Amino acid sequence: MRKNKNILQDTFGRQHTYLRISLTELCNLRCTYCMPAEGIPLSPKSHIMSFDEIYTIAKTFVDNGVTKIRLTGGEPLVRKDSEIILKKLATLPVELAISTNAVIVDRFIETFKSCGIQNINVSLDSLNAEKFNQISRRNDFEKVFKNIQLLITEGFNVKLNAVLIKGFNDNEIIDFIKLTKILPISVRFIEFMPFDGNKWNKEKMMSYAEVMALVNAEFRHDEVQRIKDAPNDTSKNYKIEGYKGSFAIISSVTNPFCDSCNRIRLTANGRLKNCLFSSTESDLLTPLREGKNIEPIIQKTIQSKFKIRGGMDTLKKLEEPELHGKNRSMIAIGG
Ligand code: SF4
């Protein structure tokens, strides 16, 4: 139910129908590629969107054509009023989804069902409890794994997101894929990306090509089936013949998928990012609190979107710390 002026289309003709809202900068894990060891300077509480402000801003986007909203964080479920937010957003004509680390997701099963949430992305970077504890700096592996199985039993569509870091969990790629033999899930391997404070360098990254080389070495050629990607999909999807689930690779570094990008992000302190990698952002919260119309700001932000990766259109540019370092840390964006 888009208004007549199309404020969500950029200069490349990409229609932005998918809004990712970060509910909080807080998290109950401390994953090394997401959260700097020393943590991040948190925004003052008064700078964080209230549930009413989240609803008002979300409704503005939905009124202008957004059809999908994903809630992220930090960890969205640690926000004390996350249930209220879910229920308010569920009143909008939009597909609601959530990304969580699943540590406390068992408390929200009925809420998810009452809000019509079907699609749940769970971050899980290792199937090994010790390694999980090492990368998350918390020892919640058993709880997370049990909750993943609970989500599957309860009938949710579960995707597991694993950030691959060479020398850490690249030796688990086949184990993760073999998990899809028995579980109807999609395991998505994410190329390690540079964000503020995550000590990224290209040598640590496991590329799409390297993952597929491992897969083709493990499985017969005819067993590895390429399955159709959904429109605007960020991942390249595959399935092993006869397996219940599937696997995919999200290759933002070596094989970006920006041509069909339909995503925009709203940070917990009400800033609009037109790209995951953009180092510029627009404040929607202050003008909203001043009773101003935020649509012109949204349109200007979308119109200023680069074609590829916030302007880092070559790997060389992406590798430059002074370019990627200007962005927020992942915890403050919400993926
Ligand atoms: S890098 Fe930016 S433009 Fe490319 S797909 Fe991601 S959000 Fe979209």
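The values are calculated or read from the model by the stated rules, or taken from the named source; none is laboratory data. Everything quoted here is computed from the prediction, not taken from an experiment. Positions of Cβ are backbone-derived with ideal geometry, glycine not excepted, and every protein chain shown enters the neighbour counts. SASA here: full protein model, heavy atoms, side chains in, ligands and nucleic acids out. Shrake-Rupley method; radii C 1.70, N 1.55, O 1.52, S 1.80 Å.
Over all distinct Cα pairs, what is the inverse of the mean 1/r for the range 196-335, reported as the Kirkwood hydrodynamic radius in Å?
It is 17.4 Å.
First select every other residue whose beta carbon is under 10 angstrom from the beta carbon of residue 329; then total the charges, Lys and Arg +1, Asp and Glu -1.
-1
When the accessible area of the range 31-77 is computed with all protein chains present and a 1.4 Å probe, what percentage of it is carbon and sulfur?
Within the range 31-77, the accessible surface is 61 percent carbon and sulfur.
Which residue, 11, 49, 100, has the largest displacement toward the positive end of the dipole of the chain when charges sit on each Cβ (Lys, Arg +1; Asp, Glu -1)?
Of 11, 49, 100, it is 11.
Kirkwood hydrodynamic radius, the range 18-333, all distinct C-alpha pairs: what's the number in Å?
Computed over Cα pairs of the range 18-333, the Kirkwood hydrodynamic radius comes out at 20.1 Å.
Order the peptides 52-59, 118-125, 254-261 from the highest to the lowest mean number of other Cβ atoms within 10 Å of their residues.
118-125, 52-59, 254-261
Would you mind working out the magnitude of the charge dipole of the range 74-152 relative to its Cα centre, with +1 at each Lys and Arg C-beta and -1 at each Asp and Glu C-beta, to the nearest 20 Debye?
160
For residue 303 and residue 228 in the same chain, what is the full-extension length gain: residue separation times 0.36 nm, less their Cα-Cα distance, in nm?
24.0 nm
Among 182, 153, 118, which residue has its Cα furthest toward the positive end of the charge dipole of the range 18-333, with +1 on Lys/Arg Cβ and -1 on Asp/Glu Cβ?
118
Dipole of the range 18-333 (Lys/Arg Cβ +1, Asp/Glu Cβ -1, origin at the Cα centre): which of 235, 84, 296 lies farthest to the positive side?
296
Using only alpha carbon pairs under 8 Å that are at least six residues apart, calculate the relative contact order of the range 1-93 and give it in whole percent.
Numbers: 98 pairs, mean separation 44.6, N = 93.
Relative contact order of the range 1-93: 48 percent.
So what's the gap between the Cα centers of the range 237-297 and the range 101-171, to the nearest angstrom?
With the range 237-297 and the range 101-171 each reduced to a Cα centre, they are spaced 21 Å.
If packing is taken as the average number of other Cβ atoms within 10 Å across a peptide's residues, how do 71-79, 313-321, 233-241, 94-102 rank, most packed first? It would help to have the intermediate numbers written out before the result.
Numbers: 71-79: 24.6, 313-321: 13.4, 233-241: 18.0, 94-102: 21.7.
Peptide ranking by packing, descending: 71-79, 94-102, 233-241, 313-321.
Among the lysines, which have Cα under 25 Å from the Cα of residue 143 when same-chain residues fewer than 8 positions away are ignored?
Answer for residue 143, where 25 Å is the Cα cut-off: 80, 113, 131, 159, 178, 181, 244, listed by chain and number.
Just the number, please: percent antiparallel of the DSSP beta bridges in the chain, rounded to the nearest 5.
Taking every DSSP beta bridge within the chain, about 25 percent pair in antiparallel fashion.
What FRET efficiency comes out for the pair residue 90/residue 53, r = Cβ-Cβ distance, R0 = 30 Å, nearest 0.05?
Efficiency at R0 = 30 Å is approximately 0.95.
With every protein chain present, what is the per residue accessible area of the chain (1.4 Å probe, Å²)?
Per residue, the chain has 43 Å² of solvent-accessible surface.
Where nothing but the Cβ of Lys and Arg (+1) and of Asp and Glu (-1) is charged, how large is the charge dipole of the chain around its Cα centre, in debye to the nearest 20? Before the final figure, lay out each step's value.
Details: 49 positive and 39 negative charges, 142 e Å.
The dipole magnitude comes to about 680 debye.
Grab the eigenvalues of the alpha-carbon gyration tensor for the range 1-93, scale each by 5, take roots, and send me the semi-axes largest first in whole angstrom. Kindly include the intermediate steps, with their values, before the conclusion.
Numbers: eigenvalues 152, 57, 26 Å².
Equivalent ellipsoid of the range 1-93: 28, 17, 11 Å, largest first.
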